[in-house]
1. What number of residues in region 174-195 are in contact (Cβ under 8 Å) with a residue 40 or more places away in the chain and touching a strand residue (DSSP E or B) at 6+ places or on another chain (Cβ under 7 Å)?
2. Could you list, in sequence order, the residues of region 381-422 that are within 16 Å of ligand 2 (Cβ to nearest atom) and basic (Lys, Arg)?
3. Filter region 377-417 for residues that are aromatic (Phe, Trp, Tyr) and out of contact with any Lys or Arg (no Cβ under 9 Å at 6 or more places or on another chain) and give the result.
4. What do you reckon, is residue 329 out of contact with any Ser or Thr (no Cβ under 7 Å at 6 or more places or on another chain), part of a loop (DSSP other than H, G, I, E, B) and either modelled with pLDDT of 95 or more or basic (Lys, Arg) (or both)?
5. For region 202-216, state whether one or more residues are within 13 Å of ligand 1 (Cβ to nearest atom), surrounded by fewer than 21 Cβ atoms within 10 Å (Cβ to Cβ) and in a helix (DSSP H, G or I).
6. Kindly check whether there is at least one residue in region 276-287 that is more than 16 Å from ligand 1 (Cβ to nearest atom), in contact with a helix residue (DSSP H, G or I) (Cβ under 7 Å, 6 or more places away or on another chain) and part of a helix (DSSP H, G or I).
7. From the set of residues in region 217-239 that are among the hydroxyl-bearing types (Ser, Thr, Tyr) and surrounded by fewer than 16 Cβ atoms within 10 Å (Cβ to Cβ), which is nearest to ligand 1 (Cβ to nearest atom)?
8. Mind listing whichever residues of region 343-369 are crowded, with 18+ Cβ neighbours inside 10 Å and in a loop (DSSP other than H, G, I, E, B)?
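The values are calculated or read from the model by the stated rules, or taken from the named source; none is laboratory data. Everything numeric in this text was worked out from a predicted model, so none of it was measured. Here the Cβ positions follow ideal geometry from the backbone for every residue, glycine too, while neighbour counts run over all protein chains shown.
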Amino acid sequence: MYISQVLKNSLRYRNSSVAAEKGSILGKCWRRSYYVLAIESSCDDACVAVLEQQGTNEVPHVVDESKETLKSASRGGIVPTDAHEFHQEVLGKLVKKVCERTGISASSPPELVCCTRGPGLVGSLSAGLQLSKGLSIAWNVPLIGVHHMLGHILAATMSQAEMPRYPYLSFLCSGGHTMLVKLSSIADHEVVANTQDIAVGDCIDKCAREIGIKGDMIGKELESYVNTIPLSLKKEFYSIDTRTPKNKFNFALKLPLKRPKHDRIPSQVEFAFSSFLSSIRGYKDKYYKNSFFEEYTKQFMACKLQETVFDHLIDRLNILFLKHGSNSKLYGDCDSDFEGIQDFILSGGVASNKRLREKLSNELKTEALYLDGQEKVLRFHFPDISACTDNAVMIGLAGIRIFEDLKRVSDLGILPIRKWPMNELLTVTGWHRL
Ligand code: AMP
Ligand code: ZN
(Lines give C-alpha, C1' and ligand atoms only; values in the text may rest on other atoms or scores of the structure.)
(Ligands and ions follow the chains in the order given, each with its own letter.)
Protein backbone atom coordinates (compact mmCIF):
# COMPACT_ATOMS: atom_id res chain seq x y z
CA MET A 1 0.00 0.00 0.00
CA TYR A 2 2.76 2.44 0.86
CA ILE A 3 5.33 1.40 -1.70
CA SER A 4 3.67 3.37 -4.49
CA GLN A 5 3.83 6.47 -2.35
CA VAL A 6 7.53 5.90 -1.72
CA LEU A 7 8.29 5.31 -5.38
CA LYS A 8 6.27 8.35 -6.38
CA ASN A 9 8.36 10.47 -4.10
CA SER A 10 11.66 8.80 -4.73
CA LEU A 11 12.66 10.97 -7.69
CA ARG A 12 12.50 14.34 -6.11
CA TYR A 13 14.08 17.70 -5.90
CA ARG A 14 15.50 18.82 -2.62
CA ASN A 15 17.14 22.04 -1.69
CA SER A 16 18.23 22.46 1.90
CA SER A 17 21.18 24.03 3.63
CA VAL A 18 22.39 20.74 5.09
CA ALA A 19 21.85 18.84 1.86
CA ALA A 20 23.81 21.57 0.10
CA GLU A 21 26.64 21.22 2.56
CA LYS A 22 26.76 17.44 2.66
CA GLY A 23 25.24 16.51 -0.69
CA SER A 24 26.13 17.58 -4.19
CA ILE A 25 28.43 20.45 -5.05
CA LEU A 26 25.54 22.44 -6.48
CA GLY A 27 23.40 21.72 -3.44
CA LYS A 28 20.51 21.09 -5.79
CA CYS A 29 20.14 17.99 -7.78
CA TRP A 30 17.71 15.43 -9.04
CA ARG A 31 18.44 12.05 -7.60
CA ARG A 32 16.76 8.70 -7.20
CA SER A 33 16.63 8.62 -3.45
CA TYR A 34 14.41 8.97 -0.46
CA TYR A 35 14.59 10.69 2.89
CA VAL A 36 14.01 9.00 6.24
CA LEU A 37 13.24 10.76 9.50
CA ALA A 38 14.30 8.75 12.56
CA ILE A 39 13.61 9.24 16.25
CA GLU A 40 15.28 7.48 19.18
CA SER A 41 13.83 7.86 22.69
CA SER A 42 14.31 4.56 24.50
CA CYS A 43 15.98 5.94 27.61
CA ASP A 44 17.51 9.32 28.45
CA ASP A 45 18.70 10.45 25.00
CA ALA A 46 16.33 12.36 22.72
CA CYS A 47 17.69 11.94 19.19
CA VAL A 48 16.43 12.89 15.74
CA ALA A 49 18.13 12.25 12.41
CA VAL A 50 17.43 12.56 8.72
CA LEU A 51 19.05 9.99 6.43
CA GLU A 52 19.08 9.83 2.69
CA GLN A 53 18.89 6.41 1.07
CA GLN A 54 20.21 6.20 -2.48
CA GLY A 55 19.65 2.81 -4.05
CA THR A 56 18.52 -0.29 -2.22
CA ASN A 57 21.82 -1.55 -0.88
CA GLU A 58 23.82 1.65 -0.49
CA VAL A 59 24.92 2.78 2.97
CA PRO A 60 22.63 5.75 3.71
CA HIS A 61 23.97 9.25 3.92
CA VAL A 62 23.37 11.14 7.18
CA VAL A 63 21.86 14.47 6.18
CA ASP A 64 21.50 15.84 9.70
CA GLU A 65 21.15 14.72 13.31
CA SER A 66 20.58 16.26 16.69
CA LYS A 67 20.64 14.93 20.25
CA GLU A 68 19.90 16.09 23.77
CA THR A 69 20.52 14.08 26.93
CA LEU A 70 18.59 14.25 30.18
CA LYS A 71 20.80 15.56 32.98
CA SER A 72 20.48 12.95 35.71
CA ALA A 73 23.71 13.19 37.73
CA SER A 74 22.02 15.12 40.56
CA ARG A 75 19.24 12.48 40.74
CA GLY A 76 21.77 9.68 41.21
CA GLY A 77 20.71 7.97 37.98
CA ILE A 78 17.90 7.98 35.41
CA VAL A 79 14.42 8.42 36.89
CA PRO A 80 11.85 7.02 34.36
CA THR A 81 9.25 9.75 35.02
CA ASP A 82 11.89 12.46 34.51
CA ALA A 83 12.87 10.79 31.24
CA HIS A 84 9.23 10.66 30.09
CA GLU A 85 8.75 14.38 30.75
CA PHE A 86 12.09 15.19 29.18
CA HIS A 87 11.16 13.50 25.89
CA GLN A 88 7.77 15.21 25.79
CA GLU A 89 9.49 18.54 26.30
CA VAL A 90 12.41 18.08 23.92
CA LEU A 91 11.52 15.76 21.01
CA GLY A 92 9.07 18.06 19.23
CA LYS A 93 11.59 20.90 19.20
CA LEU A 94 14.37 18.65 17.93
CA VAL A 95 12.18 17.35 15.09
CA LYS A 96 11.26 20.91 14.11
CA LYS A 97 14.90 22.00 14.10
CA VAL A 98 16.10 19.03 12.04
CA CYS A 99 13.20 19.38 9.57
CA GLU A 100 13.96 23.09 9.05
CA ARG A 101 17.63 22.37 8.49
CA THR A 102 16.98 19.58 5.99
CA GLY A 103 14.15 21.19 4.05
CA ILE A 104 11.51 18.76 5.30
CA SER A 105 8.02 20.21 5.54
CA ALA A 106 4.39 19.26 4.92
CA SER A 107 4.91 19.99 1.22
CA SER A 108 8.22 18.13 1.11
CA PRO A 109 7.94 15.28 3.63
CA PRO A 110 10.36 12.37 4.09
CA GLU A 111 9.28 9.04 2.65
CA LEU A 112 9.61 7.04 5.85
CA VAL A 113 9.34 7.70 9.57
CA CYS A 114 11.25 5.34 11.90
CA CYS A 115 11.26 5.33 15.67
CA THR A 116 12.37 3.08 18.49
CA ARG A 117 9.56 0.76 19.59
CA GLY A 118 11.54 -1.09 22.27
CA PRO A 119 13.14 -2.31 24.38
CA GLY A 120 13.39 0.59 26.82
CA LEU A 121 11.50 2.74 29.30
CA VAL A 122 7.83 2.71 28.32
CA GLY A 123 7.28 6.42 29.02
CA SER A 124 10.30 7.45 26.97
CA LEU A 125 9.41 5.09 24.13
CA SER A 126 5.80 6.26 23.96
CA ALA A 127 6.81 9.92 23.66
CA GLY A 128 8.82 9.12 20.50
CA LEU A 129 6.27 6.64 19.20
CA GLN A 130 3.30 8.99 19.58
CA LEU A 131 5.15 11.80 17.86
CA SER A 132 6.20 9.46 15.03
CA LYS A 133 2.64 8.22 14.55
CA GLY A 134 1.47 11.83 14.28
CA LEU A 135 4.14 12.63 11.69
CA SER A 136 3.37 9.47 9.73
CA ILE A 137 -0.35 10.37 9.58
CA ALA A 138 0.24 14.03 8.79
CA TRP A 139 2.74 13.29 6.01
CA ASN A 140 0.92 10.13 4.84
CA VAL A 141 4.11 8.07 4.90
CA PRO A 142 4.85 4.65 6.43
CA LEU A 143 5.96 4.20 10.02
CA ILE A 144 8.52 1.63 11.17
CA GLY A 145 8.82 0.73 14.87
CA VAL A 146 12.45 -0.36 15.23
CA HIS A 147 14.17 -2.70 17.68
CA HIS A 148 16.72 -0.58 19.52
CA MET A 149 19.39 -3.29 19.63
CA LEU A 150 19.16 -3.96 15.90
CA GLY A 151 19.96 -0.26 15.56
CA HIS A 152 23.07 -0.64 17.74
CA ILE A 153 24.28 -3.61 15.71
CA LEU A 154 23.80 -1.89 12.36
CA ALA A 155 25.41 1.35 13.62
CA ALA A 156 28.58 -0.64 14.13
CA THR A 157 28.63 -1.62 10.45
CA MET A 158 28.08 1.84 9.01
CA SER A 159 31.62 3.20 8.81
CA GLN A 160 33.38 -0.08 8.18
CA ALA A 161 35.61 -0.37 5.13
CA GLU A 162 34.63 -4.02 4.92
CA MET A 163 31.09 -5.03 5.87
CA PRO A 164 30.70 -8.04 8.17
CA ARG A 165 29.35 -11.11 6.45
CA TYR A 166 26.64 -13.38 7.82
CA PRO A 167 26.79 -15.27 10.08
CA TYR A 168 28.54 -12.90 12.48
CA LEU A 169 28.71 -12.26 16.20
CA SER A 170 27.53 -9.04 17.73
CA PHE A 171 28.48 -8.20 21.29
CA LEU A 172 26.11 -5.58 22.73
CA CYS A 173 27.48 -3.77 25.76
CA SER A 174 25.22 -0.93 26.83
CA GLY A 175 23.50 0.64 29.83
CA GLY A 176 20.60 -1.81 29.48
CA HIS A 177 22.07 -4.89 27.79
CA THR A 178 24.98 -7.29 27.77
CA MET A 179 24.48 -9.97 25.19
CA LEU A 180 26.27 -11.97 22.59
CA VAL A 181 24.08 -12.40 19.53
CA LYS A 182 24.66 -14.55 16.47
CA LEU A 183 23.15 -12.99 13.36
CA SER A 184 22.47 -15.25 10.42
CA SER A 185 20.47 -12.59 8.56
CA ILE A 186 18.86 -9.22 9.30
CA ALA A 187 15.92 -10.95 11.00
CA ASP A 188 17.56 -14.12 12.27
CA HIS A 189 19.12 -13.43 15.67
CA GLU A 190 20.13 -16.03 18.22
CA VAL A 191 20.91 -14.67 21.68
CA VAL A 192 23.84 -16.86 22.68
CA ALA A 193 24.49 -15.35 26.11
CA ASN A 194 22.80 -12.74 28.27
CA THR A 195 23.28 -11.18 31.68
CA GLN A 196 21.62 -12.86 34.63
CA ASP A 197 21.28 -9.57 36.54
CA ILE A 198 22.20 -6.00 35.56
CA ALA A 199 23.86 -4.79 32.35
CA VAL A 200 27.56 -4.02 32.06
CA GLY A 201 26.99 -0.25 31.55
CA ASP A 202 24.63 -0.11 34.51
CA CYS A 203 27.22 -1.91 36.64
CA ILE A 204 29.99 0.48 35.57
CA ASP A 205 27.75 3.51 36.26
CA LYS A 206 26.66 2.36 39.72
CA CYS A 207 30.12 1.19 40.84
CA ALA A 208 31.94 4.24 39.48
CA ARG A 209 29.46 6.52 41.26
CA GLU A 210 30.24 4.70 44.53
CA ILE A 211 33.95 5.26 43.91
CA GLY A 212 33.35 8.99 43.50
CA ILE A 213 33.34 9.45 39.70
CA LYS A 214 30.86 12.15 38.68
CA GLY A 215 29.05 13.12 35.48
CA ASP A 216 26.15 12.16 33.22
CA MET A 217 28.02 9.56 31.14
CA ILE A 218 29.83 7.85 34.00
CA GLY A 219 31.51 5.10 31.96
CA LYS A 220 33.20 7.73 29.81
CA GLU A 221 34.25 9.70 32.91
CA LEU A 222 35.66 6.52 34.46
CA GLU A 223 37.69 5.80 31.34
CA SER A 224 39.07 9.36 31.28
CA TYR A 225 39.92 9.17 34.98
CA VAL A 226 41.74 5.84 34.57
CA ASN A 227 43.61 7.33 31.61
CA THR A 228 45.04 10.06 33.87
CA ILE A 229 46.72 7.43 36.08
CA PRO A 230 50.43 7.07 35.17
CA LEU A 231 51.17 3.81 33.35
CA SER A 232 53.66 2.61 35.98
CA LEU A 233 51.01 3.00 38.69
CA LYS A 234 48.40 1.26 36.54
CA LYS A 235 50.77 -1.68 36.05
CA GLU A 236 51.26 -1.87 39.80
CA PHE A 237 47.48 -1.87 40.32
CA TYR A 238 46.91 -4.53 37.66
CA SER A 239 49.43 -6.81 39.40
CA ILE A 240 47.60 -6.64 42.74
CA ASP A 241 45.56 -9.80 43.24
CA THR A 242 42.02 -8.99 44.41
CA ARG A 243 40.66 -12.51 44.32
CA THR A 244 40.86 -12.32 48.11
CA PRO A 245 41.16 -9.24 50.38
CA LYS A 246 44.74 -10.26 51.26
CA ASN A 247 46.34 -7.24 49.59
CA LYS A 248 47.51 -3.86 50.79
CA PHE A 249 44.05 -2.33 50.19
CA ASN A 250 42.18 -5.19 51.92
CA PHE A 251 39.91 -5.11 48.89
CA ALA A 252 38.38 -8.10 47.11
CA LEU A 253 36.95 -7.86 43.59
CA LYS A 254 36.54 -11.30 42.06
CA LEU A 255 35.47 -12.45 38.63
CA PRO A 256 31.77 -13.32 39.01
CA LEU A 257 30.60 -16.91 38.48
CA LYS A 258 32.83 -19.92 38.79
CA ARG A 259 35.18 -20.70 35.95
CA PRO A 260 34.00 -24.07 34.66
CA LYS A 261 36.49 -26.81 34.13
CA HIS A 262 36.96 -27.40 30.39
CA ASP A 263 35.05 -30.65 30.47
CA ARG A 264 32.09 -29.15 32.34
CA ILE A 265 30.92 -26.02 30.54
CA PRO A 266 27.31 -25.45 31.65
CA SER A 267 24.51 -25.57 29.07
CA GLN A 268 23.86 -21.86 29.67
CA VAL A 269 26.81 -19.47 29.89
CA GLU A 270 25.85 -16.07 31.29
CA PHE A 271 27.30 -12.75 32.39
CA ALA A 272 26.75 -11.38 35.92
CA PHE A 273 27.58 -7.98 37.34
CA SER A 274 25.78 -7.37 40.62
CA SER A 275 28.65 -8.85 42.69
CA PHE A 276 30.90 -5.97 41.58
CA LEU A 277 28.50 -3.52 43.17
CA SER A 278 28.16 -5.57 46.38
CA SER A 279 31.97 -5.77 46.71
CA ILE A 280 32.44 -2.03 46.35
CA ARG A 281 29.51 -1.13 48.61
CA GLY A 282 30.67 -3.66 51.22
CA TYR A 283 34.19 -2.23 51.16
CA LYS A 284 32.93 1.33 51.53
CA ASP A 285 30.68 0.33 54.42
CA LYS A 286 33.55 -1.36 56.18
CA TYR A 287 36.36 1.13 55.68
CA TYR A 288 34.93 4.43 54.38
CA LYS A 289 31.47 4.70 55.92
CA ASN A 290 31.69 8.41 56.65
CA SER A 291 34.58 9.46 54.44
CA PHE A 292 35.70 9.58 50.82
CA PHE A 293 38.43 7.47 49.30
CA GLU A 294 41.81 9.19 49.37
CA GLU A 295 43.13 9.76 45.83
CA TYR A 296 45.50 6.76 45.76
CA THR A 297 42.71 4.35 46.79
CA LYS A 298 40.27 5.97 44.38
CA GLN A 299 42.75 5.46 41.53
CA PHE A 300 43.20 1.83 42.53
CA MET A 301 39.48 1.16 42.79
CA ALA A 302 38.71 2.85 39.44
CA CYS A 303 41.49 1.01 37.65
CA LYS A 304 40.61 -2.35 39.16
CA LEU A 305 36.88 -1.91 38.53
CA GLN A 306 37.27 -1.14 34.81
CA GLU A 307 39.80 -3.91 34.35
CA THR A 308 37.94 -6.62 36.25
CA VAL A 309 34.58 -5.89 34.60
CA PHE A 310 36.25 -6.22 31.20
CA ASP A 311 38.14 -9.36 32.37
CA HIS A 312 34.75 -10.89 33.15
CA LEU A 313 33.47 -10.12 29.63
CA ILE A 314 36.58 -11.70 28.08
CA ASP A 315 36.42 -14.70 30.42
CA ARG A 316 32.81 -15.46 29.42
CA LEU A 317 33.43 -14.90 25.72
CA ASN A 318 36.37 -17.29 25.82
CA ILE A 319 34.21 -19.96 27.44
CA LEU A 320 31.55 -19.38 24.75
CA PHE A 321 34.19 -19.62 22.02
CA LEU A 322 35.33 -22.97 23.42
CA LYS A 323 31.77 -24.25 23.72
CA HIS A 324 30.50 -23.14 20.31
CA GLY A 325 33.77 -23.22 18.38
CA SER A 326 35.03 -26.02 16.15
CA ASN A 327 38.39 -26.73 17.74
CA SER A 328 37.82 -30.08 19.43
CA LYS A 329 41.50 -30.22 20.36
CA LEU A 330 40.84 -27.37 22.79
CA TYR A 331 37.44 -28.57 23.98
CA GLY A 332 36.26 -32.04 23.02
CA ASP A 333 32.56 -31.26 23.44
CA CYS A 334 32.48 -28.14 21.25
CA ASP A 335 29.28 -27.95 19.17
CA SER A 336 30.55 -25.90 16.16
CA ASP A 337 27.56 -23.55 16.46
CA PHE A 338 29.94 -20.68 15.56
CA GLU A 339 31.07 -22.41 12.36
CA GLY A 340 31.49 -19.90 9.56
CA ILE A 341 31.85 -16.92 11.90
CA GLN A 342 34.56 -14.57 10.72
CA ASP A 343 33.32 -11.22 11.97
CA PHE A 344 32.81 -9.84 15.47
CA ILE A 345 30.99 -6.54 16.03
CA LEU A 346 31.13 -4.62 19.27
CA SER A 347 28.27 -2.19 19.93
CA GLY A 348 26.48 -0.13 22.58
CA GLY A 349 27.74 2.72 24.76
CA VAL A 350 30.42 0.67 26.52
CA ALA A 351 31.86 -0.18 23.07
CA SER A 352 33.41 3.29 23.01
CA ASN A 353 35.87 2.25 25.69
CA LYS A 354 39.36 1.94 24.16
CA ARG A 355 40.64 -0.41 26.85
CA LEU A 356 37.78 -2.82 26.11
CA ARG A 357 38.57 -2.74 22.39
CA GLU A 358 42.23 -3.40 23.11
CA LYS A 359 41.47 -6.29 25.45
CA LEU A 360 39.01 -7.93 23.03
CA SER A 361 41.52 -7.71 20.18
CA ASN A 362 44.35 -9.14 22.30
CA GLU A 363 42.79 -11.51 24.79
CA LEU A 364 40.03 -13.38 22.97
CA LYS A 365 41.07 -16.94 22.20
CA THR A 366 39.86 -16.96 18.64
CA GLU A 367 41.76 -20.15 17.82
CA ALA A 368 38.93 -21.97 19.66
CA LEU A 369 36.57 -21.04 16.81
CA TYR A 370 38.38 -22.84 14.04
CA LEU A 371 39.43 -26.38 13.32
CA ASP A 372 42.89 -27.09 14.64
CA GLY A 373 45.44 -25.90 12.12
CA GLN A 374 42.87 -23.98 10.04
CA GLU A 375 44.11 -20.50 9.08
CA LYS A 376 41.24 -18.17 10.00
CA VAL A 377 41.30 -14.77 11.61
CA LEU A 378 38.37 -13.17 13.38
CA ARG A 379 37.81 -9.65 12.05
CA PHE A 380 36.86 -7.10 14.72
CA HIS A 381 34.50 -4.23 13.86
CA PHE A 382 34.48 -1.35 16.30
CA PRO A 383 31.99 1.46 15.59
CA ASP A 384 32.91 5.14 15.48
CA ILE A 385 32.84 6.46 19.04
CA SER A 386 29.93 8.78 18.17
CA ALA A 387 27.86 5.81 16.95
CA CYS A 388 28.27 3.77 20.14
CA THR A 389 25.86 5.57 22.44
CA ASP A 390 22.18 5.96 21.60
CA ASN A 391 21.50 7.94 18.42
CA ALA A 392 18.78 8.25 15.82
CA VAL A 393 20.97 7.38 12.83
CA MET A 394 21.08 3.76 13.96
CA ILE A 395 17.27 3.69 14.18
CA GLY A 396 17.04 5.06 10.64
CA LEU A 397 19.57 2.48 9.41
CA ALA A 398 17.63 -0.40 10.98
CA GLY A 399 14.31 1.01 9.69
CA ILE A 400 15.66 1.20 6.16
CA ARG A 401 16.86 -2.43 6.28
CA ILE A 402 13.46 -3.57 7.60
CA PHE A 403 11.80 -1.63 4.79
CA GLU A 404 14.17 -2.70 2.00
CA ASP A 405 15.08 -6.27 2.97
CA LEU A 406 12.11 -7.48 5.00
CA LYS A 407 9.52 -5.35 3.17
CA ARG A 408 7.66 -4.55 6.40
CA VAL A 409 6.09 -1.43 7.86
CA SER A 410 4.36 -0.94 11.21
CA ASP A 411 0.71 -0.60 12.03
CA LEU A 412 -0.40 2.73 13.51
CA GLY A 413 -1.69 0.83 16.55
CA ILE A 414 1.75 -0.41 17.69
CA LEU A 415 2.61 -0.02 21.36
CA PRO A 416 6.01 0.39 23.00
CA ILE A 417 7.66 -2.87 24.08
CA ARG A 418 9.55 -2.65 27.36
CA LYS A 419 11.28 -6.01 26.96
CA TRP A 420 11.67 -7.22 23.42
CA PRO A 421 13.89 -10.27 22.87
CA MET A 422 15.98 -9.88 19.73
CA ASN A 423 14.87 -13.22 18.35
CA GLU A 424 11.26 -11.96 18.33
CA LEU A 425 11.89 -9.09 15.93
CA LEU A 426 9.16 -10.09 13.49
CA THR A 427 6.93 -12.24 15.68
CA VAL A 428 5.50 -9.34 17.70
CA THR A 429 2.19 -7.89 16.53
CA GLY A 430 1.94 -4.81 14.36
CA TRP A 431 3.92 -5.64 11.20
CA HIS A 432 2.41 -5.28 7.74
CA ARG A 433 3.97 -6.84 4.67
CA LEU A 434 4.47 -4.46 1.77
P1 AMP B 1 23.77 3.05 25.74
O2 AMP B 1 22.91 2.35 26.78
O3 AMP B 1 24.14 2.20 24.58
O4 AMP B 1 23.30 4.41 25.36
O5 AMP B 1 25.16 3.35 26.48
C6 AMP B 1 25.25 4.04 27.69
C7 AMP B 1 26.16 3.27 28.63
O8 AMP B 1 27.49 3.23 28.09
C9 AMP B 1 26.27 3.93 30.00
O10 AMP B 1 26.20 2.92 30.98
C11 AMP B 1 27.64 4.57 29.96
O12 AMP B 1 28.24 4.74 31.21
C13 AMP B 1 28.42 3.59 29.10
N14 AMP B 1 29.58 4.20 28.48
C15 AMP B 1 29.62 5.26 27.66
N16 AMP B 1 30.89 5.55 27.30
C17 AMP B 1 31.67 4.64 27.93
C18 AMP B 1 33.07 4.40 27.98
N19 AMP B 1 33.92 5.18 27.31
N20 AMP B 1 33.52 3.39 28.74
C21 AMP B 1 32.67 2.58 29.42
N22 AMP B 1 31.33 2.76 29.42
C23 AMP B 1 30.84 3.77 28.68
ZN1 ZN C 1 21.23 1.79 23.60
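1. Residues meeting the conditions: 12.
2. 418, 419
3. Matches in region 377-417: 403 only.
4. yes
5. Yes - at least one qualifying residue is present in region 202-216.
6. Yes: region 276-287 contains one or more residues that are more than 16 Å from ligand 1 (Cβ to nearest atom), in contact with a helix residue (DSSP H, G or I) (Cβ under 7 Å, 6 or more places away or on another chain) and part of a helix (DSSP H, G or I).
7. 224
8. The answer is 348, 353, 364.
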